Amino acid sequence: MKVLATGRLPDEVVTLIEKDHHVEINSKNKPMDRESLLSRIGDKEGLLCMVTDRIDTELLNCAPRLKIIANYGVGFNNIDINAATERGIPVTNTPGVLTDSTADLAFALILASGRRLVEGDRNTRAGEFRFWAPLHFLGQDITGKILGIIGLGRIGKGVAKRAAGFAMKVIYYNRQRLERGEEKALNVVYASFKTLLEESDFVSLHVPLTPQTTHLVGQKELNLMKPSAYLINTSRGPVVDEKSLLEALKNQVICGAGLDVYENEPELTPGLSDLDNVVLLPHIGSATIETRTRMAQMAAENLLAGLSDEIPPNCLNCFDLSGNRCSD
Ligand code: NAP
């Protein structure tokens, strides 16, 4: 069968897919442009897509033979799942294998923003480190502070585990409270959304992007945060109203922010990159050699299962063998 992979994959993963199928790969180290995607999908049975690809009705209408959409990422807000489901196409993602690398990065942003690491690096490179002084380049303690996690799922729990090493008090907000035993094991305390915003020294976002989480943090929520607090976002850009965040950072409504994702990626809200109190990363939550390799293997396993008419291991819109939907 024919497969389109819209991003580069490790050689061993390509070999695995090529054993039984013909693979067309975007060999450039950048996203496939929309026109190419639409023009190349027509004769494909399999699609291994990146989180930068918009998989919508327009694309699915160009893909009459498609049997499986294997997303290379855990977040799947780039895919119209309902449109795929209507056409009987399973959609898969790569949960779990990127949890640690993304939690590491969220924690790196907590440290980098609280201790002004990037600003300090810029300053030192610019030749501005001329003396040590007691009130020079003061940041804030991380140890012992309150970390508020919004979305205590796989990655949020990973961040909570890391916070234990810094003796942080962790509070969290989910729609569904965890079982008390799990809360105890993770040493986390449930809080309302409002209380979490009011009490946290660091607020870290780990929700998926959905209609409910779009602009979950805007002007009203930023105003609830302490003036000494930091907002960390490694989830998806549109979870934060970036214009309101820019104003809050400019006017010291909050102390700082650490961002890996942006509302209109890869564009930044004008003015954001002029500010010293925000650390800006280029969406690299899962970007380690080990994690990206595991993600590629997992996406390929899902793809191959779908091409063989098996239920893929990480199906988001489960189908049984006769093509009937099992659950949402
Ligand atoms: P997950 O295990 O599904 O966790 C998501 C958590 O968010 C759950 O605890 C869920 O709990 C909570 N949640 C969902 N909707 C919510 C709402 N409206 N209000 C409050 N909480 C809500 O997902 P994960 O594997 O941790 O991944 C989380 C997200 O991280 C992904 O969807 C992806 O967008 C992002 N991500 C980014 C990178 C990067 O490179 N920066 C890398 C990997 C993942 P309830 O259902 O109880 O609310």
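Within the bounds of region 64-77, is there any residue that is open to solvent by 60 Å² or more (accessible area, probe 1.4 Å), under 26 Å from Glu267 (Cβ atoms) and modelled with pLDDT of 95 or more?
Yes, region 64-77 has at least one match.
Count, please, the residues in region 148-178 that happen to be assigned to a strand (DSSP E or B), open to solvent by 20 Å² or more (accessible area, probe 1.4 Å) and within 11 Å of the ligand (Cβ to nearest atom). Walk me through how you get there before you give the answer.
Start the filter on region 148-178 by keeping residues that are assigned to a strand (DSSP E or B), which leaves 148-150, 169-173.
Keeping just the survivors that are open to solvent by 20 Å² or more (accessible area, probe 1.4 Å) gives 169, 173.
Subsequent filtering for residues that are within 11 Å of the ligand (Cβ to nearest atom) retains 173.
Here the count works out to 1.
Within region 84-142, can you find the residues that are open to solvent by less than 40 Å² (accessible area, probe 1.4 Å) and among the aromatic types (Phe, Trp, Tyr)?
Hit for region 84-142 is Phe107, nothing else.
Kindly state which strands (runs of 3 or more DSSP E) lie completely within region 4-83 and contain at least 3 residues that are out of contact with any Leu (no Cβ under 6 Å at 6 or more places or on another chain). Steps first, please.
Numbers: elements: 22-25, 46-50, 68-72.
Result: 22-25.
When the residues of region 89-107 are narrowed to those that are assigned to a helix (DSSP H, G or I) and in contact with a helix residue (DSSP H, G or I) (Cβ under 9 Å, 6 or more places away or on another chain), which ends up nearest to Pro312 (Cα to Cα)?
The residue in question is Thr99.
Contact list please: Cβ distance under 9 Å, first residue in region 87-99 and of a type in the set (A, V, I, L, M, F, W, C), second residue near the ligand (Cβ under 9 Å from one of its atoms) and part of a loop (DSSP other than H, G, I, E, B), pairs at least six apart or on different chains.
Val91/Phe76; Val97/Val74; Val97/Ser286; Leu98/Gly73; Leu98/Val74; Leu98/Gly285; Leu98/Ser286
Scan Gly323, Gly306 and give me the residue that is surrounded by 20 or more Cβ atoms within 10 Å (Cβ to Cβ) and either modelled with pLDDT under 95 or more than 23 Å from the chain's Cα centre (by Cα) (or both). Lay out the reasoning, then the answer.
Working: Gly323 fails: surrounded by 20 or more Cβ atoms within 10 Å (Cβ to Cβ).
Only one candidate qualifies: Gly306.
Does region 32-49 hold any residues that are open to solvent by 30 Å² or more (accessible area, probe 1.4 Å) and either touching a strand residue (DSSP E or B) at 6+ places or on another chain (Cβ under 6 Å) or outside the structural domain of Met295 (by TED's automatic domain parsing) (or both), and which are they?
Arg40, Asp43
Within region 179-205, which residues are open to solvent by 50 Å² or more (accessible area, probe 1.4 Å), assigned to a strand (DSSP E or B) and within 12 Å of the ligand (Cβ to nearest atom)?
Start the filter on region 179-205 by keeping residues that are open to solvent by 50 Å² or more (accessible area, probe 1.4 Å), which leaves 179-182, 184-185, 187, 189-190, 192, 194, 198-199.
Right, trim to assigned to a strand (DSSP E or B) and you get 189-190.
Answer for region 179-205, where residues must be open to solvent by 50 Å² or more (accessible area, probe 1.4 Å), assigned to a strand (DSSP E or B) and within 12 Å of the ligand (Cβ to nearest atom): just Tyr190.
I need the helices (runs of 4 or more DSSP H) fully contained in region 210-322, keeping only those with at least 2 residues that are within 15 Å of the ligand (Cβ to nearest atom). First the steps, then the outcome.
Details: elements: 219-224, 242-250, 289-307.
Ranges flagged: 289-307.
Right, Gly139: farther than 23 Å from Ser101 by Cβ and touching a residue at least 12 places away in the same chain (Cβ under 8 Å) or not?
Working: farther than 23 Å from Ser101 by Cβ: yes; touching a residue at least 12 places away in the same chain (Cβ under 8 Å): yes.
Answer is yes for this residue.
Among the residues of region 63-86, which ones are of a type in the set (Asp, Glu) and without any contact (Cβ under 8 Å) to a residue 12 or more places away in the chain? Let's see the steps before the verdict.
Within region 63-86, the subset of a type in the set (Asp, Glu) is 80, 86.
Answer for region 63-86, where residues must be of a type in the set (Asp, Glu) and without any contact (Cβ under 8 Å) to a residue 12 or more places away in the chain: just Glu86.
The values are calculated or read from the model by the stated rules, or taken from the named source; none is laboratory data. No experiment lies behind these values; they were computed from the predicted model shown. Cβ atoms come from the backbone with ideal geometry, glycine included; neighbour counts cover every protein chain shown. Just so you know, the surface numbers come from the protein's heavy atoms only, side chains and all, with ligands and any DNA or RNA stripped out. Shrake-Rupley method; radii C 1.70, N 1.55, O 1.52, S 1.80 Å.
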